[in-house]
Amino acid sequence: MGDFGYLAQQIINGLQLGFVYALIALGYTMVYGIIRLINFAHGDVFMVGAFVGFYVIGGLAPMGLGPISLLLALVAAIAVCTVLAVVIERLAYRPLRSAPKIASLITAIGVSIFLQNAVLVWISSKQLPYTRADGAAFVPAKTAFTVAGVSVSTMQVFIIVTTLLLLVFLDTFVSKTRIGKAMRATSQDREAAGLMGVNINSVIALAFFIGPALGAVAGVFNGMYYGSVKFNMGFIPGIKSFTAAVIGGIGNLRGAMLGGFLLGITESLASGFISNAYRDVIAFIVLILVLIFRPGGLLGEAVAEKV
């Protein structure tokens, strides 16, 4: 493979990683855009989705259902993660909605620690690998096609295509539908939206429904692609995805998508051309540069502080 082929291969790998980051980043940016809360528990909801996918695929593997088992795993992960997130919002975040922001932030960190330790104690402290039979449900390593020496795996194709469909659907939903307009109105001015008849609680609950659903999909993809799950696997992807949301412009859906793509490609190129040890360093250098030269993010807007 020549230099161009190697570059193209790294870009494909970066896109696959970036799409996963984008899915998780959308959960951060939707919640922050509506209630100005950085939901640090979102990365652990992603982890729960990965575990649900792991056990569903493992349980269905002996039946020989093929790709259907992956689709069923996605449905199950979405169901579990959305219910979990809505319960967290109702019990942990809603009572603090009028409290100082630091209280909600500390609560989010506490929920994150609780979810990690719950999985650690109740499920396993070890890394749980997919078996050969589980992998046969949807072979991540199988090459779908090769162009000019650049190999694209079946799992990469599935991740990229599925994520693109989800991103287009979400963007259309928020920009074109009535409830999407209510979400945008709530994001701009919660009190005014309430006075105009918008059910604020329903809008916030919907944000905690959609974001974790996307995170669940990302969790299943991540577990299948890397071949294992672990109780703390949501921490680093969660931080990276939050970084992607900030790079694109926190609170901006298209910004979260753009930030995810850029961060994924940056990490992949850094791993391929510099060193895998420096990928995280370079990713956060990009974040620092963006915050220095464009504090609101690439697609964000500078907002004047009210005094």
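The values are calculated or read from the model by the stated rules, or taken from the named source; none is laboratory data. It should be emphasised that the depicted structure is a prediction, and the values quoted were computed from it without experimental measurement. All Cβ positions, even for glycine, are placed from backbone atoms using ideal geometry, and neighbour counts span all protein chains on display.
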- Count - residues of the stretch 15-60 that are in contact (Cβ under 8 Å) with a residue 24 or more places away in the chain and either closer than 15 Å to THR243 by Cβ or among the hydroxyl-bearing types (Ser, Thr, Tyr) (or both): 19
- Item | From LEU60, LEU15, LEU23, residue being closer than 18 Å to VAL80 by Cα, aliphatic (A, V, I, L, M), assigned to a helix (DSSP H, G or I) and at pLDDT below 90 | LEU60
- May I ask you to list pairs of residues, at least six apart or on different chains, whose Cβ atoms are under 8 Å apart, with the first in the stretch 175-186 being over 15 Å from GLY251 (Cβ atoms) and the second being not in a helix (DSSP H, G or I)? ALA182/VAL198; ALA182/ASN199
- Query: How many residues does the stretch 107-164 hold that are in contact with a strand residue (DSSP E or B) (Cβ under 8 Å, 6 or more places away or on another chain), part of a loop (DSSP other than H, G, I, E, B) and at pLDDT 90 or above?
  - Reply: 1
- Query: Just wondering, is there one or more residues in the stretch 201-211 that are farther than 27 Å from ARG178 by Cα and either touching a residue at least 40 places away in the same chain (Cβ under 8 Å) or among the hydroxyl-bearing types (Ser, Thr, Tyr) (or both)?
  - Reply: no
- Message: Take residues that are out of contact with any Lys or Arg (no Cβ under 9 Å at 6 or more places or on another chain) and surrounded by 24 or more Cβ atoms within 10 Å (Cβ to Cβ) and tell me which of the helices (runs of 4 or more DSSP H) falling wholly in the stretch 183-258 contain 1 or more.
- Response: 200-226, 235-248
